[in-house]
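The values are calculated or read from the model by the stated rules, or taken from the named source; none is laboratory data. Since this is a predicted model, take the numbers as computed values, not measurements. Here the Cβ is made from the backbone with ideal geometry for all residues, glycine too, and neighbour counts use every protein chain on show.
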Amino acid sequence: MSEVDERKTLVLTGASRGIGHATVKRFSRENWRVITCSRHPFAEDCPWPAGPEDHIQLDLSDQEGVGIAIGEIRHRLTANGGRLDALVNNAAISPKLDDGSRMNSIDTPMHVWRDVFQVNFFAPIMLARGLFKELGTATGSIVNVTSIVGSRVHPFAGTAYATSKAALAALTREMAADFGPHGIRVNAIAPGEIETSILSPGTDKLVESIPLRRLGQTAEVADTIFFLCSGQASYVSGGEIHINGGQHV
């Protein structure tokens with residue numbers, strides 16, 4: 001019989017860059033086991049010590065693939081007694097036009113709407129339902145990554161992306177009510193302008209209207225995610241924390 005892994009375990013989607021990468025580092029510093037999921041295979045030159053045994057290549061736009069990945073995640077959780085302490089639904093897609101401009105509600109093709117909602121909205125609830133037993137065993141926590149664009153028209157974010165994030169915020173509320181009686185907390189974070197490699201041209205102009213007059217850092221977002229998954233947030237559920245330097249006020 002294999003030895004039980006006593007570390008807390010996080011399953012994180014969209015782990016390869018930006019907020020996801022910062023979240024891997026934050027939880028790993030606290031000695032959590034982090035099972036990462038992304039479209040990309042584990043890079044051979046990645047310095048991460050956990051290696052490919054804690055990485056799952058997963059295209060969230062593929063419904064069948066999500067189901068297969070859930071089975072693989074559950075299999076890997078047997079090392080710690082089938083317990084999952086946290087699920088962070090961070091992965092998202094935000095298609096742009098060829099010139100990089102936003103896709104509006106008039107011109108966005110319907111197949112793009114479907115792809116965006118599959119990745120940004122349906123995949124999070126599919127994963128949460130698929131890992132429900134493991135989350136319940138650990139009285140775990142779910143964090144959905146929404147966005148400031150879920151509550152306002154944004155100059156860069158397309159309509160499909162924005163409405164998928166608004167739907168995810170509403171889903172977070174519903175999940176908190178449904179999962180709560182089973183001891184599972186569900187919250188969301190709504191980042192604003194965070195300094196990553198995919199910032200749109202013109203972001204510097206937006207910064208002038210942010211009360212703190214600066215971009216957010218991925219580490220600041222990761223800190224908030226960690227707080228929501230920790231015992232310090234043990235009575236916090238159904239919330240959506242704005243991480244935007246006051247941009248929403």
Would you confirm whether or not the stretch 112-129 contains a residue that is among the small types (Gly, Ala, Ser), buried (at least 17 other Cβ atoms within 10 Å of the Cβ), at negative phi and in contact with a Lys or Arg (Cβ under 9 Å, 6 or more places away or on another chain)? no
Residue hits (the stretch 130-165; charged (D, E, K, R) and farther than 17 Å from ASN80 by Cβ) are ARG152, LYS165
Among residues of the stretch 130-152 being part of a helix (DSSP H, G or I) and of a type in the set (Gly, Ala, Ser), the residue surrounded by the fewest Cβ atoms within 10 Å (Cβ to Cβ) is GLY136
Selection over the stretch 153-179 where residues are without any contact (Cβ under 8 Å) to a residue 12 or more places away in the chain and assigned to a loop (DSSP other than H, G, I, E, B) yields a count of 1
Conditions (1) touching a helix residue (DSSP H, G or I) at 6+ places or on another chain (Cβ under 8 Å); (2) at positive phi -> SER105 fails only (2)
Exercise for the section: Kindly indicate whether any position in the stretch 33-54 is of a type in the set (Gly, Ala, Ser), in a loop (DSSP other than H, G, I, E, B), modelled with pLDDT under 85 and exposed (fewer than 13 other Cβ atoms within 10 Å of the Cβ). Expected result: yes
Scanning the stretch 208-249 residue by residue, those without any contact (Cβ under 8 Å) to a residue 40 or more places away in the chain, surrounded by 15 or more Cβ atoms within 10 Å (Cβ to Cβ) and assigned to a helix (DSSP H, G or I) turn out to be GLU220, THR224, PHE227
